[in-house]
1. Just for helices (runs of 4 or more DSSP H) wholly inside the stretch 1-99: which have at least 1 residues that are over 22 Å from the mean Cα position of the chain (by Cα)?
2. I'm trying to understand the selection: among the residues of the stretch 276-299, which are buried (at least 20 other Cβ atoms within 10 Å of the Cβ) and either in the same structural domain as I173 (by TED's automatic domain parsing) or in contact with a Ser or Thr (Cβ under 9 Å, 6 or more places away or on another chain) (or both)?
3. Return yes or no: is D123 out of contact with any helix residue (DSSP H, G or I) (no Cβ under 9 Å at 6 or more places or on another chain) and either crowded, with 21+ Cβ neighbours inside 10 Å or not β-branched (V, I, T) (or both)?
4. Which numbered condition trips up R108, out of (1) within 16 Å of the ligand (Cβ to nearest atom); (2) free of Cβ contacts under 8 Å to residues at least 24 places away in the same chain?
5. Identify all residues within the stretch 130-148 that are more than 16 Å from the ligand (Cβ to nearest atom) and surrounded by 17 or more Cβ atoms within 10 Å (Cβ to Cβ); write none if there are none.
6. Can you find, within the stretch 60-85, the residue that is nearest to G228 (Cα to Cα) among those that are surrounded by fewer than 20 Cβ atoms within 10 Å (Cβ to Cβ) and not charged (D, E, K, R)?
7. Hey, can you tell me all the residues within the stretch 39-76 that are within 10 Å of the ligand (Cβ to nearest atom) and farther than 14 Å from V133 by Cβ?
8. Check V278, V287, V296 and return the single one that is touching a residue at least 24 places away in the same chain (Cβ under 8 Å), under 27 Å from G170 (Cα atoms) and within 27 Å of the chain's Cα centre (by Cα).
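The values are calculated or read from the model by the stated rules, or taken from the named source; none is laboratory data. The structure displayed is predicted, hence computed values, not measured ones. Virtual Cβ from ideal backbone geometry, glycine too; neighbours counted across all protein chains shown.
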Amino acid sequence: MIIDLRSDTVTLPTQAMLEAMHSAKVGDDVFGEDPTVNALEEKSAALFGKEAGLFCPSGTMSNQIAARVHARHGEEVILHKLSHLYYYEAGGLMSNSGLSVCLLDGARGMITAQDVADHINPDDLHRPRTAMVAVENTMNKGGGAVYDNPELARMAELCRDHNLKFHLDGARIFNALAVTKQSPAACGGMFDSLSVCFSKGLGAPVGSVLLGDAQFIRQARRVRKVFGGAMRQAGYLAAACIYALDNHVTRLEEDHARAAAMGQELERLSWVDEVMPVETNILIFKVKPSITASAVVHEFDKFGLKAIAFDKQSIRFVTHLGFTDEMLDRTIGILKKSF
Ligand SMILES: *Cc1c(COP(=O)(O)O)cnc(C)c1O
């Protein structure tokens, strides 16, 4: 048995999801004629209380499109230095859109309204104009950390007051909502745009949606074309995303419980230095200075357990719908007999 905890992107479509894909009604989406893509865009927008949606091949693309539409060449985006939009998108803010970044620190990858306020550039010809603020919820590099809603509300208000666009990288927003119990519509109300992924915890093979007001999405549709992300009979993929929305949201709490259970076991092990708080489906822990993360990952590999060395001392586990209770027991057994 191979247990793959490298990412929640490793899931395979379930039989029922494949059947939904197989029976999807499709058309040419560049002509706006794919009924399943249209249904997904409308359903997602309605869920988050937004006017419109745009189906994209990846969360990277939906984030990058948002930045292109919200900010002009030479303007600046405020975001955490470990956020996906900066750290994991290959410099796209700069190369795709000519944007400057203002990188903030912050515990567990999260930024605060106060810190954002302190970094909005004044109207000074020496400084790039601040155009946009982006947050990631849950925060991957912060160990799946979940933002406090009042903090996000303060940031939203600050952005409104300063005429800045507020974007959510919500690749794992449903994991955050499972913890805070906030409604998707209340969440959507705080942001000008949201990127929501179906290929993470929701278990679809491909796909993200970008959500916002109608004018924003009209502009975003043009940028998606420029970026090469306009697809044809994409309804086969959208059908998987609709299936995921209908069937894989409420089960996320199971993933969180399994991650928490592993976190508790790790706390007790002599070769583990520190376990980051486990709030959702991501678990990051540090190994003792006498060993390295890559050595531990190599050791796990011998038992059929796959994980990612996040840095020299840290390892990341991500739980997902392909990780069962049986696998959890087995993983705990492997953890106990390693080192
Ligand atoms: C995975 C992820 C994305 C998008 O990744 P793609 O692989 O391009 O779909 C964006 N933000 C975060 C936080 C992610 O984890």
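1. Working: elements: 15-22, 35-47, 59-70, 84-87, 92-97.
By residue number, 15-22, 35-47.
2. Our first condition is that a residue be buried (at least 20 other Cβ atoms within 10 Å of the Cβ); within the stretch 276-299, this holds for 278-285, 287, 293, 296.
Correct list: E279, T280, N281, I282, L283, I284, F285, V287, A293, V296.
3. Numbers: out of contact with any helix residue (DSSP H, G or I) (no Cβ under 9 Å at 6 or more places or on another chain): yes; either crowded, with 21+ Cβ neighbours inside 10 Å or not β-branched (V, I, T) (or both): yes.
Spelling it out, D123 is indeed out of contact with any helix residue (DSSP H, G or I) (no Cβ under 9 Å at 6 or more places or on another chain) and either crowded, with 21+ Cβ neighbours inside 10 Å or not β-branched (V, I, T) (or both).
4. Result: R108 passes all but (2).
5. If we filter the stretch 130-148 for residues that are more than 16 Å from the ligand (Cβ to nearest atom), which is where we start, we get 130-131, 148.
Once the filter is applied, which keeps residues that are more than 16 Å from the ligand (Cβ to nearest atom) and surrounded by 17 or more Cβ atoms within 10 Å (Cβ to Cβ), the stretch 130-148 yields T130, A131.
6. H73
7. The initial filter retains those residues of the stretch 39-76 that are within 10 Å of the ligand (Cβ to nearest atom), namely 56-64.
Within the stretch 39-76, C56, P57, S58, G59, T60, M61, S62, Q64 meet the criteria.
8. V278
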